[in-house]
Each structure stands twice: as structure tokens, then as C-alpha cells.
Amino acid sequence: MRNRRFICLLFIMGILLCNCSTEEKEYAETVVATLRKNDVNLTEYSHVVVIPNVGCGGCISEAEHFFRENKEQDILFVFTKISSVKSLRLRLGNMINQENVLIDSKSLYASPKEEINVYPVIIDIRNENKYTWHFLEPGVSYEKILTY
């Protein structure tokens, strides 16, 4: 009886893990497909950072700080779920006019799952066969994620 419960538990955990990795893969692929559909030349970039304007305030602030400090042009920054472009412009200044910045006023790059939209996300697009992404949570070293 114990073994049966253990096997059931393993089976359920396996399903959950598969669903999470499928969900991650689908979100990353959806973002990349939408970028291509909107004629964004992704060959110029190694990563896409999607920063929602709503969600975890500390996380978004850190992601915006990373944006301001990042001098590399090989990262595409997508600001989505924007409640006010004016407010975004006040926080980030003229930097939002850079070529590697996309202002998504229609929320095309937001996930249909709100739990994904709470945190900024970084998508590694260097391998066209396998896009990977990570949540950018407080205390996470952005530079470390970029080297994965």
C-alpha cells in the first residue's frame, strides 16, 4: 500500500513538472513568435527581457535598474502591461527610445497566465531549438543568468 502511494505521488509530481516545463517552453516560444511576427530582427539579440509594469514592485524596480545599468545592445527589453507610458518615461527617461527597447502598449507579450506576469522574465534566445527563461526575482544576479 505504501509503495502504491509513493508511485502515485511520483506520477503526480512528474505530471506537474512536465506541465511547468511545457508552460515555460510555450511562453518563451510565444514571445519569440510574436516578436518575429512584428518584424523584430532577433539575430541582433542574445536575450529578451520582458518587464511587466504591474506585479512584484521590488522585482520590477530591480529589472528597471538592470535596464538602466545595462550598456549592452544585445538584449532586447520589452516593457509590457503598461498602465502609463508617461510614468514609464518619467522613471526611465530617454533610454526607452533605444533601438533595443520595445514598448508593448497592447500587452502582446504578456502571458495569459497572470502568475507569469508578476515577475520580469529573461528569455535566452541564443539556441533557436530550445528557448529557456527565468523569472527575475529580487536578489537574482542578472549577469549570472546571462551567462547560463
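Taking amide H atoms as placed 1.01 Å from N in the peptide plane, the amide H of residue 47 lies under 5 Å from those of 76, 125, each 5 or more residues away in sequence or on another chain.
Solvent-accessible surface (1.4 Å probe) assigned to residue 69 amounts to roughly 110 Å². The HN-Hα couplings worked out from phi for segment 98-112 by the Karplus form 6.51 cos²θ - 1.76 cosθ + 1.60 (θ = phi - 60°) are 5, 5, 8, 10, 10, 9, 9, 6, 9, 6, 5, 9, 7, 7, x Hz, whole numbers, x standing for Gly and Pro. Annotation: residue 36 carries an accessible surface of approximately 110 Å², with a 1.4 Å probe and no ligand, DNA or RNA atoms counted. Accessible surface of residue 65, taken over heavy atoms with a 1.4 Å probe and every protein chain present, rounds to 90 Å².
The values are calculated or read from the model by the stated rules, or taken from the named source; none is laboratory data. Since this is a predicted model, take the numbers as computed values, not measurements. The protein model used for the area step is the full one, side chains on, heavy atoms only, and it has no ligands, DNA or RNA in it. Shrake-Rupley method; radii C 1.70, N 1.55, O 1.52, S 1.80 Å.
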